[in-house]
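Asks: I have a structure here, written as structure tokens, and I will follow up with some questions on it.
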Amino acid sequence: MQAHDRVRDNTSSSTNIEFDREMLARIQRLSEGGPSAAGEHITRLEKEWDIERALETNASIFAAAGLALGVLHSQWWLVLPAIVLFFLFQHAVQGWCPPLPLLRRIGFRTRKEIDQEKFALKALRGDFSGIGPDTSARSALRAAAK
């Protein structure tokens, strides 16, 4: 169902299957609710935090806490920001780091997964009508931006 996605590649197949099932069920339910239901959900999808944002936020919090504790209490706390930096580097290089499975299990999706749901709802709503192989690039971009 998905194109290449390093986070999905490093997530258990059972978790990916569950995300896909839930997405399909939501799309089916929303398609029955008409264009307004789809539009409301698209607005929510545009505000949804993806897993990258969650990782970056958590890394920032843990690194700042480690620095503060290192300055105020013990230099041993400076190990925490070092670990966080290693995890971020590992994620950047491999698409995986130790917090990833936990964040996936609690429901964080990739940007591709969120966008796939959003564009499926836009297509069902009719946002892409009149777009085909002979459409200008400007018109295609306008349709995708809706």
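The values are calculated or read from the model by the stated rules, or taken from the named source; none is laboratory data. Just so it is clear, the structure is predicted and the values come from calculations on it, not from any experiment. Heads up, the Cβs are rebuilt from the backbone with ideal geometry, glycines too, and the neighbour counts pull from every protein chain shown.
Asks: Could you give me the residue pairs with C-beta distances under 7 Å whose first residue belongs to the range 17-42 and is in contact (Cβ under 8 Å) with a residue 24 or more places away in the chain, whose second residue is of a type in the set (D, E, K, R) and outside any helix (DSSP H, G or I) wherever it lies, and which are 6+ apart or on separate chains?
Replies: PHE19/ARG109
Asks: Answer with yes or no whether ILE17 is more than 16 Å from PHE119 (Cα to Cα) and under 16 Å from the mean Cα position of the chain (by Cα). Outline the logic, then answer.
Replies: Details: more than 16 Å from PHE119 (Cα to Cα): yes; under 16 Å from the mean Cα position of the chain (by Cα): yes.
Yes; evaluated as a whole, the condition is true for this residue.
Asks: For residues in the range 50-67 being touching a residue at least 40 places away in the same chain (Cβ under 8 Å) and surrounded by 15 or more Cβ atoms within 10 Å (Cβ to Cβ), which is nearest to ASN10 (Cα to Cα)? Step through it out loud before you land on a result.
Replies: Let us first name the residues in the range 50-67 that are touching a residue at least 40 places away in the same chain (Cβ under 8 Å), namely 50-52, 54-55, 58.
Checking the rest, the ones that are also surrounded by 15 or more Cβ atoms within 10 Å (Cβ to Cβ) come to 50-51, 54-55, 58.
On the way: ASP50: 16, ILE51: 13, ALA54: 17, LEU55: 15, ASN58: 19 Å.
Once the filter is applied, the top-ranked residue is ILE51.
Asks: Count, please, the residues in the range 9-55 that happen to be among the polar types (S, T, N, Q), more than 22 Å from GLY126 (Cα to Cα) and in a helix (DSSP H, G or I).
Replies: Residues meeting the conditions: 4.
Conditions (1) of a type outside the set (Lys, Arg); (2) out of contact with any Asp or Glu (no Cβ under 8 Å at 6 or more places or on another chain), marked per residue:
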position: PRO98; (1), (2): yes, yes
position: PRO101; (1), (2): yes, yes
position: THR110; (1), (2): yes, no
position: ASP115; (1), (2): yes, yes
position: ALA120; (1), (2): yes, yes
position: LEU124; (1), (2): yes, yes
position: PRO133; (1), (2): yes, yes
position: ARG138; (1), (2): no, yes
position: ALA144; (1), (2): yes, yes
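Asks: What do you reckon, is GLN90 within 22 Å of ARG6 (Cα to Cα) and in the same structural domain as GLU22 (by TED's automatic domain parsing)?
Replies: No, not satisfied.
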